[in-house]
Amino acid sequence: MKISENHTISGIMKVITLIIVFCLAMPAQSQTITGFGFPGEATGLSKNLNGVIDHEKYTITVTTQEWIENISQLPATFTLDGNYEVKVGSIVQESGITTNDFRKNVIYTVGGHVQYTVIFESPQASGLPIIRINTQNAVSITSKENYVNMTFNLTDPNNSGNNISKTDFKDGVRGRGNDSWINPNSLKKSYRVKFDKKTSLFGLARAKSWVLIAQYRDPTLLFNVIAFELGSRFELPFNHSYNFVELYLNGKYKGNYLLTEQNQVGEGRVDIDENEGWFVEMDDYYDEEPKFRTEKYNLPVMVKSPEIEPSQISNPAYHFVRNDINQLCNLMTTAEFPENGYRDLINMNTFIDFLMITEIVDNKEIRSPMSTYVYKDKGSTINMGPLWDFDCGYGYDYNYNHFKDPNSRTPMQSFFRRFFEDPVFLMKYKERWNEKHSDIASIDNFIEMTANKIERSAIENFKTWWYRVISSWWTTRYPTEDNNFRQQIANIKSYLNAHISYLNAEINKAEVLPGSKSFQTQEFGTEVASQTFTLVAYGDISGLNAKLEKGELSDFEISSNLAKEATGNGGYFATISIKPKDLLFVATYTDVLTLAGNNQGNPFSMKIPLRFTVVKANPAIIPMELYANRGQLLASVELPDGWKWENETALVGNVGQQTHKARFTPDDTDNYNILRGVDLIVTVSDITSSGEILQANQLKAWVRNGLLSVTGLIPNEILSIYTTTGARVYHSIVTSDKADISLKVQGVYIISSGNHTIKVVYE
């Protein structure tokens, strides 16, 4: 077979092309960097830095955490296997002469073909801003009360407009924090920076005080940032900003830190009136003056503002702070809660947002509470915030373990739990959750994005701190690894996704308030008020029904049917009233109310325990008219309708006898057992006349449960009450024909008004 000339040439050309491509793709052995590093005289270090060359990956890695002053203009020395031109970009490189910025990866091209990527494994090359603090005379920072003079330099490789240099030692730095400062396992400390003059950092509002948070208990370095980001998405007032930085202190690398605002009153911070507003921290450390504990709930309150000298809580200038907080706490404990005006004292929206974010990140410090801030501006209501301190969140078990049990609600101090017993608060909480659900659920994307940003910094940070901070936690799980930042990011994402899913189901469940009810103990024969139960649900509810477990045998009764009402914001209320039946025996009664229906396509059924106690009544005291006849005192008593004396003999006694007791029963013998055993105390006056019938004093008096009631008074006359020893216990001008006075001590009292005097016995 004969092959054409064109076919032959075409085949040859294809082979030549493949050879050329192959040769270009395969670097020549002579186009190789054989040595790379930085001499000590170039870096200012006491030793040379030599790069580790990987000829398979074509990388050169230089590792150090020491401070290199001129890392942005640093000359590298290198050797080649051959005499080839080396370029960075279009710039020809001369060994030991040409400078480059090694805060980012630098690509060296050898011979026009081979490319080596130089990677500085250094905090200065993490891509984050660098803060350098040098204390005067390099003294150590050992106090969180006393500042040490310092210089302060901020260098931002991403925005030179953020760069700051303060070198005159007029500024100061001290320690800060509670557990993070005193815990011996916490060698990585937090700091507070205070400038001599107000200074803006990262374009934020100018202020003197800033904080550097160590996040020593956080294996992701994201705990605080996630909470602050949620605060921003919820538009919580005075929410903290966040900037990750690398910190060098006196030339030594201290790790990855979070720079943010100091919690204080001022412009750009908690911006409220400094004199007539207040800002407090509820914290169980309770270690800063001025401080007080609330009358109810025993909350530990430390006043941050106003700042008054002397700073003792006994100073009257702090009274308005105590009064505001105590008023709220006191109203939260009353039987009339929540319909007692407490809502008028608070900005409910900030309470809901604060507590919701606390639940999302599972910050268990709310149960003490600790690091919990509350404020009130002049002429305004009480608010919660700003958010702060979340290293005990995210499923923390207080043994350096996080991400435990995502399927649980955050435990809260009883003061905060009380809000969830208000149907209005609970409804708004459900509505807010559904309103912000997309912002909450998408926090997963924020975590991934932020982790990518700080990964190189996290690796450097945990080289320094991991074992010392949480060694027992880490080494039992990853004994051969220096750190596993990416695994921790996967852990927190997994935890939050599961926790948010759990909360979504829990918060969207229909709930009933109160969840159980012990009715107020009643004396038999008295009217019992109805108790209203409120069903709270997000989304429509249908098929509602209510029934008592004991049915017709129940000692309770449904006094009104279920009534459903839409809030207009996605929520629904349904109410039902229950009361104990009238005329119950002296005993304790129980039953269970079941509320059932459908909500958002899901059936629900809730059981509400009921309890009611009837006790024996106190002796009944009935006013009477008296008359004297032939030396004997007779009584004329008007009993309540339907009642009669148990024995029908007239109540008689000698003149001077003061108290008589008799038993009485209802006319209706069917009800005899209900009210049997009640004493009627009849108190008579000392009338010293005989032989004729005369009307007793126009005054009438009786005592019930320590309350003396007097009728027959003449307005504008003086009413006086004395003991039998002559001690006066009451003396006042009356304004009506009736008066009620509390008696503290049992005994005989003389009542006098105008020309009338009677006695009454309180026993």
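Scanning region 90-104 for residues that are out of contact with any Phe, Trp or Tyr (no Cβ under 8 Å at 6 or more places or on another chain) and polar (S, T, N, Q) gives Ser90, Thr98, Thr99, Asn100. Listed conditions (1) in contact with a strand residue (DSSP E or B) (Cβ under 6 Å, 6 or more places away or on another chain); (2) buried (at least 22 other Cβ atoms within 10 Å of the Cβ) are all met by Ala227, apart from (1). Return the residue satisfying two criteria in turn: it lies in region 56-74 and is within 19 Å of Pro157 (Cα to Cα) and in a loop (DSSP other than H, G, I, E, B), and of such residues it is most open to solvent (accessible area, probe 1.4 Å). Selected residue: Glu69.
Quick one: how many residues across region 239-283 are over 26 Å from the mean Cα position of the chain (by Cα) and assigned to a loop (DSSP other than H, G, I, E, B)?
Looking only at region 239-283, we keep the residues that are over 26 Å from the mean Cα position of the chain (by Cα), and these are 245-256.
From what's left, assigned to a loop (DSSP other than H, G, I, E, B): 250-251.
Looking only at that region, the number is 2.
Within region 123-131, is even one residue in a strand (DSSP E or B), among the hydroxyl-bearing types (Ser, Thr, Tyr) and either modelled with pLDDT of 95 or more or surrounded by fewer than 14 Cβ atoms within 10 Å (Cβ to Cβ) (or both)? Please lay out each step first, then the result.
Keep residues of region 123-131 that are in a strand (DSSP E or B), which gives 130-131.
With among the hydroxyl-bearing types (Ser, Thr, Tyr) added as a condition, the list becomes none.
For region 123-131, residues in a strand (DSSP E or B), among the hydroxyl-bearing types (Ser, Thr, Tyr) and either modelled with pLDDT of 95 or more or surrounded by fewer than 14 Cβ atoms within 10 Å (Cβ to Cβ) (or both): absent.
Could you grab me the full set of residues in region 55-89 that are closer than 12 Å to Tyr116 by Cβ, among the charged types (D, E, K, R) and in contact with a Phe, Trp or Tyr (Cβ under 9 Å, 6 or more places away or on another chain)? The one that is closer than 12 Å to Tyr116 by Cβ, among the charged types (D, E, K, R) and in contact with a Phe, Trp or Tyr (Cβ under 9 Å, 6 or more places away or on another chain): Lys87.
Here is a list: Ser380, Ser368, Ser314. Which entry is small (Gly, Ala, Ser), open to solvent by 30 Å² or more (accessible area, probe 1.4 Å) and under 17 Å from the mean Cα position of the chain (by Cα)? Reasoning before the result, please.
Numbers: Ser380 fails: under 17 Å from the mean Cα position of the chain (by Cα); Ser314 fails: under 17 Å from the mean Cα position of the chain (by Cα).
Answer to the check: Ser368.
Looking across region 78-115, the residues that are in a loop (DSSP other than H, G, I, E, B), under 18 Å from Gly35 (Cβ atoms) and in contact (Cβ under 8 Å) with a residue 24 or more places away in the chain come down to Asp81, Gly82, Tyr84, Glu85, Gly96, Phe102, Gly111. Considering region 260-297, the residues that are of a type in the set (Phe, Trp, Tyr) and under 20 Å from Leu328 (Cα atoms) include one that is most open to solvent (accessible area, probe 1.4 Å), namely Tyr297. For Ser241, indicate whether it is more than 19 Å from Arg192 (Cα to Cα) and open to solvent by 20 Å² or more (accessible area, probe 1.4 Å). In short, no.
Taken over region 553-598, the criterion of being assigned to a strand (DSSP E or B), of a type in the set (S, T, N, Q) and either free of Cβ contacts under 8 Å to residues at least 40 places away in the same chain or surrounded by fewer than 13 Cβ atoms within 10 Å (Cβ to Cβ) (or both) is satisfied by Ser559, Ser560, Asn561, Thr588, Thr590.
Mind listing whichever residues of region 510-534 are under 25 Å from Lys564 (Cβ atoms) and touching a helix residue (DSSP H, G or I) at 6+ places or on another chain (Cβ under 8 Å)? Give the steps one after another, and end with the answer.
If we filter region 510-534 for residues that are under 25 Å from Lys564 (Cβ atoms), which is where we start, we get 510-517, 519, 529-534.
Residues satisfying the conditions are Glu511, Leu513, Thr534.
Across region 323-350, the number of residues qualifying as within 22 Å of Lys430 (Cβ to Cβ) and either in contact with a helix residue (DSSP H, G or I) (Cβ under 6 Å, 6 or more places away or on another chain) or among the β-branched types (Val, Ile, Thr) (or both) comes to 4. Among residues of region 347-366 that are more than 15 Å from Tyr394 (Cα to Cα), none has a Cβ under 8 angstrom from a residue that is among the polar types (S, T, N, Q) and assigned to a helix (DSSP H, G or I) at a sequence gap of 6+ or on a separate chain.
Scanning region 140-196 for residues that are out of contact with any Lys or Arg (no Cβ under 9 Å at 6 or more places or on another chain), of a type outside the set (A, V, I, L, M) and assigned to a strand (DSSP E or B) yields Ser165, Lys166, Thr167, Asp168, Phe169. Go through the residues of region 244-255 one by one and say whether even a single one is farther than 21 Å from Lys463 by Cα and open to solvent by 10 Å² or more (accessible area, probe 1.4 Å). Looking through region 244-255, none of the residues is farther than 21 Å from Lys463 by Cα and open to solvent by 10 Å² or more (accessible area, probe 1.4 Å).
Return a yes/no flag: does region 305-314 have any residue that is closer than 19 Å to Met384 by Cα, touching a Lys or Arg at 6+ places or on another chain (Cβ under 6 Å) and in a strand (DSSP E or B).
Taking region 305-314 and keeping what is closer than 19 Å to Met384 by Cα, we get 305-306.
Next cut, touching a Lys or Arg at 6+ places or on another chain (Cβ under 6 Å) only: none.
No - not one qualifying residue is present in region 305-314.
Among the residues making up region 722-753, those that are in contact (Cβ under 8 Å) with a residue 12 or more places away in the chain and of a type in the set (S, T, N, Q) are Thr723, Thr724, Ser732, Thr735, Ser736, Ser742, Gln746, Ser752, Ser753. Being in contact with a strand residue (DSSP E or B) (Cβ under 6 Å, 6 or more places away or on another chain) and closer than 24 Å to Ala505 by Cα holds for only one residue in Pro369, Pro411, Pro423, and it is Pro423.
For region 705-740, enumerate the residues that are open to solvent by less than 20 Å² (accessible area, probe 1.4 Å) and either under 12 Å from Ser753 (Cβ atoms) or over 53 Å from the mean Cα position of the chain (by Cα) (or both).
Of all residues in region 705-740, those open to solvent by less than 20 Å² (accessible area, probe 1.4 Å) come to 706, 708-710, 713, 719-721, 734, 739.
Once the filter is applied, which keeps residues that are open to solvent by less than 20 Å² (accessible area, probe 1.4 Å) and either under 12 Å from Ser753 (Cβ atoms) or over 53 Å from the mean Cα position of the chain (by Cα) (or both), region 705-740 yields Val710, Leu713, Leu719, Ser720, Ile721, Val734, Ala739.
Residue-level analysis places Lys208 outside the set of residues that are open to solvent by 20 Å² or more (accessible area, probe 1.4 Å) and in contact with a Gly (Cβ under 6 Å, 6 or more places away or on another chain).
The values are calculated or read from the model by the stated rules, or taken from the named source; none is laboratory data. Bear in mind that the values here come from a model prediction, so they are computed numbers and not experimental data. Every residue, glycine among them, receives a Cβ derived from its backbone with ideal geometry; neighbour counts consider all protein chains shown. Areas reflect the complete protein model, heavy atoms only, side chains present, ligands, DNA and RNA absent. Shrake-Rupley method; radii C 1.70, N 1.55, O 1.52, S 1.80 Å.
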